[in-house]
1. Quick one: among B:Ala281, B:Ala316, B:Ala266, which has the greatest mean-square fluctuation in a GNM of chain B with alpha-carbon springs under 10 angstrom?
2. Per-residue Cβ counts within 10 Å, from other chains only, averaged over C:11-18: what number is that?
3. On a 0 to 90 degree scale, rounded to 10, what angle separates helix B:149-162 from the longest Cα axis of chain B?
4. If one takes the longest principal axis of the Cα atoms in chain B, at what angle in degrees, from 0 to 90 and to the nearest 10, does the Cα axis of helix B:55-70 lie?
5. Rounded, prolate or oblate, given the Cα gyration tensor of segment B:72-230, with a/c below 1.5 counting as rounded?
6. Of all the accessible heavy-atom surface of chain A, with the other protein chains kept in place and a 1.4 Å probe, what percent is carbon and sulfur?
7. Scan around A:Lys323 for amide H atoms under 5 Å from its own, H built in the peptide plane at 1.01 Å from N, and keep only partners 5 or more places away or cross-chain.
8. Hey, what do the phi angles of segment A:7-20 turn into as Karplus ³J(HN,Hα) couplings, whole Hz, using 6.51/-1.76/1.60 and θ = phi - 60°, x for Gly and Pro?
Amino acid sequence: MEKPKFNIAVTGLNNTDNPGPGIPVIRGLKESKDFDVRIIGLAYENLEPGIYMRDLVDKTYQIPYPSSGKEAVLERIEYINSKENLDFIIPNLDAELYTFIQSKEKLEKMDIRTFLPTMQQFEERHKANLNEYGEKYGIKVPLSKSITSRRDIDELKEDFEYPLLVKGKFYDAYLAYTPEQVNTHFNKISAKWGLPVIIQEFIRGTEVNVIALGDGHGNTVCAVPMRKQYITDKGKAWGGITIKDEKMLELTRNLIRQTKWRGGMELELIKTNQNEYFLIEINPRIPAWVYLAVAAGQNLPEALIKLAFGMDVPNYSEYEVGKMFIRYSFDLIGDIAQFGSLSVTGEM
Amino acid sequence: MKKLDYERPILNKVNAGMPDKFGMKTKTATLSHIEEHSVHDILKEFGSPVYVISEPCIRKTYRTAYKAFSTRYPRVQFAWSYKTNYMNAVCKIFHSEGAWAEVVSGFEYSKAIENGISGDQIIFNGPEKSKEDLERAITDGAMIHLDSLDEFYFLGELAQKLDKKANVALRINLDAGIYPQWDRFGFNLENGEAWHALNRIMLHEHMELVGLHTHMGTYITAVSAYAVAASKLADMAVRLFRKFNHSIKYLDLGGGFATKNTLKGAYLPGADTCPSFDDYAEALTSALLGSELPPDKLPLLLLETGRALIDKAGYALGSVLANKRLVDGRRATVIDIGVNMLFTAFWYEHEVLPTKLNSEQTENTTIYGPLCMNIDIIREAIQFPLLQKGDAIVIPRIGAYNMTQWMQFIKLRPPVLLIDEDRKIHVIRKKESFQEFNAHENVPKHLK
Amino acid sequence: MKLKRNVAVSENGFLFNPETGDSFIVNPIAKEILNYLKEGYDIEKINQLILDRYEVDLVTLEKNMEDFLKMLQHNELLDR
């Protein structure tokens with residue numbers, strides 16, 4: 001039988017030192033033996049490295065930031081669809097998920113599929129809701145409290161022991177040993193990310209992560225645990241290794257069974273010396289280290305496409321332990337003519 | 001030979017790596033007509049700038065909101081929030097749709113009476129109510145919402161002197177999980193202050209407790225906050241019933257619904273994140289119906305929605321005064337609408353729309369108002385098309401607060417027009433005149 | 001007033017300044033003016049050429065030209 005060919009649009013081509021997942025996702029897709037792909041890159045900025053990787057990305061279009069509104073994004077996608085006849089879109093960045101989840105039906109009307117969590121799944125896993133989330137799904141989470149005023153800092157000693165973590169609504173996390181330090185971090189974070197600021201119990205242990213794919217009916221299609229080996233000054237993994245950890249897998253399957261999670265996800269966990277696992281964050285999308293899972297035997301991007309198109313999905317229960325990823329940087333060579341064409345036409 | 005259409009020559013710098021919308025053919029929206037009237041003609045006839053309000057839009061929005069709540073809860077009443085827009089014509093439209101009046105000063109109270117609202121359909125809110133205001137409200141049987149204990153004692157004295165029973169509701173502030181939590185108005189629920197005050201009202205001979213009121217904040221996009229607030233007020237009502245066997249007449253959930261305007265600093269535009277009336281209604285009424293309130297004695301649900309009912313119906317129309325180039329090469333466009341007539345520019349990224357486009361080209365532009373002061377900025381940075389001096393612009397969704405918080409600074413306030421359902425234009429507030437304005441002043445003899 | 005010799009404007013309106021490394025996008029009429037400048041035409045001549053071809057009055061054109069030249073100057077694209 002002839003292999004089907006899909007036109008797949010992928011965002012997150014910013015393969016920088018704080019990488020988006022686009023390029024590793026594409027590598028996974030290209031390795032599929034069961035379908036062929038034409039990759040349409042969707043880029044926000046004109047220097048996203050993926051745009052210039054012509055062996056991976058067949059054609060790139062610039063799209064407006066989600067901040068310019070759902071309508072503007074959809075109008076642009078409609079145009080791209082008229083040129084490329086898209087079958088599927090994989091949004092890979094946190095900031096665009098809200099827009100794409102909200103636009104599911106409109107995309108379907110254009111005959112473009114997505115495979116994303118529902119708005120409810122997306123909203124309930126926000127950092128500020130972690131306590132409720134842990135309680136609802138029976139997962140240990142560090143005690144968290146949203147605070148909105150410096151006055152609340154004095155009262156923290158009733159519920160927390162120092163040190164504790166001071167986190168921003170979207171990004172940033174600092175360890176504080178004294179109320180004075182909390183105060184400093186509170187000011188810094190609230191100025192940058194607004195209120196509330198989240199105070200979180202500091203759990204001592206090792207940070208471990210799981211990449212997973214849920215089919216939307218409660219089944220876990222892929223799940224690979226990994227430990228970061230080296231973390232850059234931006235807090236991003238520069239190297240990681242797959243590990244054998246049945247407890248993590250079970251926790252993951254359990255969560256996906258209960259939430260009926262649909263799409264890719266990453267669980268960030270802390271494993272304590274007592275072998276307890278605390279969930280600290282859920283990223284509602286495929287993480288940038290996805291290619292490690294592919295190399296270890298679970299091609300998550302491929303499985304995601306298969307799920308979306310009702311193809312047979314392999315039963316991924318195995319993966320190779322001890323597979324490693326090591327990020328590196330590489331200077332691509334571009335030309336001002338490419339840059340010019342992208343700048344003027346928004347296409348390349 | 002016919003000549004080609006002209007557009008200004010422009011040179012846009014491409015910022016490497018930075019978001020760059022050029023060449024992406026994002027369309028600039030235009031707005032050439034309001035309720036079938038061309039913006040150009042309106043400006044020609046009534047001068048620039050000018051406010052325009054659409055009556056059909058008000059009625060449509062009101063009916064949508066009313067339907068969202070009344071199909072989910074048996075007893076719903078809106079009260080028009082005067083401070084949001086107290087043009088008499090606007091108030092009368094809301095009243096004709098069935099809305100009561102919610103006022104926060106003696107001045108607004110007088111307006112409501114003038115607009116034909118009877119005292120028993122006036123909700124009297126706010127921290128400042130004078131002796132005369134309160135006496136009138138007691139006599140009229142208005143619903144007086146207490147803001148402080150001092151006010152409680154003051155009202156009690158006055159009612160006793162008049163030998164009348166005042167209709168009283170308590171303004172309550174509570175934690176509904178939103179930020180910031182407004183705690184400056186009314187009595188706090190969580191620390192017991194509200195319950196304490198309610199007990200005093202219940203025991204007061206000259207007061208009749210008719211309602212519980214909360215108003216959590218403004219531009220609230222989290223519908224869940226209304227569910228929390230509604231169930232907290234419902235619990236309070238049930239508690240009152242248990243202790244005093246007293247059923248309150250209404251729960252007033254205030255206002256605070258968001259609109260499609262985008263707040264400064266918001267990542268996603270308001271049009272994408274603003275919940276619908278149905279979303280608010282679903283959360284709020286589900287909480288009430290799910291509470292322990294007895295189904296046969298459900299209190300009236302009062303709503304004081306202001307912004308969400310009027311914002312969309314208002315437009316500011318103006319013209320380009322000048323274009324200039326700032327030192328850093330950025331373009332600045334000066335328009336004749338400033339923060340004096342667009343107070344909401346301080347917290348919204350208002351859309352500024354041309355009426356027509358000669359080309360798709362845009363430039364990063366700062367839009368200034370006409371005032372001689374540095375804070376007069378309508379948009380800090382906007383991709384804006386190339387307009388020439390005299391070209392018309394429209395700022396949509398400005399119906400809330402701008403026609404009440406406007407400033408008379410260095411120039412007089414412009415006229416306000418209403419387009420009615422037959423698309424007829426009425427001047428509902430004429431342009432202020434120098435004579436009228438000056439007549440208020442008095443120069444002492446020695447300076448004459 | 002002349003465009004720097006090594007400044008090139010591509011057919012689709014992309015302009016690259018090899019001396020500074022800056023890139024720009026210009027609209028079609030700006031491209032036309034840049035080409036005239038490159039040819040060494042003086043401003044009066046360019047104004048006349050534009051007036052002949054486009055629906056515009058002289059005052060508007062002069063205002064816009066002055067602004068455009070200021071931008072070229074600001075971005076170091078002109079020979080002085």
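The values are calculated or read from the model by the stated rules, or taken from the named source; none is laboratory data. Everything numeric in this text was worked out from a predicted model, so none of it was measured. Glycine gets a Cβ as well: all are built from the backbone with ideal geometry, and neighbour counts include every protein chain shown. When the accessible area is computed, the model is the full protein with side chains, heavy atoms only, and any ligands, DNA or RNA have been set aside. Shrake-Rupley method; radii C 1.70, N 1.55, O 1.52, S 1.80 Å.
1. Greatest mean-square fluctuation among the candidates belongs to B:Ala266.
2. 5
3. With both axes taken from Cα atoms, the answer is about 60 degrees.
4. 40 degrees
5. oblate
6. Using a 1.4 Å probe with all protein chains present, chain A comes out at 47 percent carbon and sulfur.
7. A:Thr242
8. Karplus-based 3J(HN,Hα) across segment A:7-20 equals 9, 10, 8, 10, 9, x, 7, 7, 7, 9, 6, 10, x, x Hz.
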